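This report refers to the structure that appears directly beneath it.
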Amino acid sequence: MSVSLVGAQWFKSSRSSGSKDCVEVAFHGGVVGVRDSKNTTGPALKFTPGEWDAFTAGVVGGEFDRR
């Protein structure tokens, strides 16, 4: 995906502690960006809204739980 995330508004989960050991998410230009909060100038993963919805549904549904 060649969409730029420059100018995106990044945020962390409301459940995030005060530390920087988190990921940040941005919804910008028709993509969903995910980056490491410890390296905000580093690379970001980019997903389509459908891919992001499938991922978050999997998280909520326990698809990625360690068994």
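Residue-by-condition table, conditions (1) assigned to a loop (DSSP other than H, G, I, E, B); (2) in contact (Cβ under 8 Å) with a residue 12 or more places away in the chain; (3) touching a strand residue (DSSP E or B) at 6+ places or on another chain (Cβ under 6 Å):
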position: SER2; (1), (2), (3): yes, no, no
position: GLY7; (1), (2), (3): yes, yes, no
position: SER14; (1), (2), (3): yes, no, no
position: ASP21; (1), (2), (3): yes, yes, no
position: GLY33; (1), (2), (3): no, yes, yes
position: ARG66; (1), (2), (3): yes, no, no
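Considering only the range 37-67, state which residues are charged (D, E, K, R) and within 18 Å of PHE27 (Cα to Cα).
Answer for the range 37-67, where residues must be charged (D, E, K, R) and within 18 Å of PHE27 (Cα to Cα): LYS46, GLU51, ASP53.
Could you grab me the full set of residues in the range 4-39 that are modelled with pLDDT of 85 or more and open to solvent by less than 50 Å² (accessible area, probe 1.4 Å)?
LEU5, ALA8, CYS22, GLU24, VAL25, ALA26, VAL31, VAL32, GLY33, VAL34, ARG35, SER37
Can you find a residue in the range 40-58 that is on the phi > 0 side of the Ramachandran plot, open to solvent by less than 70 Å² (accessible area, probe 1.4 Å) and modelled with pLDDT under 95?
No, the range 40-58 contains no residue that is on the phi > 0 side of the Ramachandran plot, open to solvent by less than 70 Å² (accessible area, probe 1.4 Å) and modelled with pLDDT under 95.
The values are calculated or read from the model by the stated rules, or taken from the named source; none is laboratory data. Only a predicted model underlies this, so the values are computations on that prediction, with no experimental measurement involved. Note: ideal-geometry Cβ built from the backbone for every residue, glycine included; neighbour counts use all protein chains shown. For accessibility, only protein heavy atoms count, side chains too; no ligands or nucleic acids. Shrake-Rupley method; radii C 1.70, N 1.55, O 1.52, S 1.80 Å.
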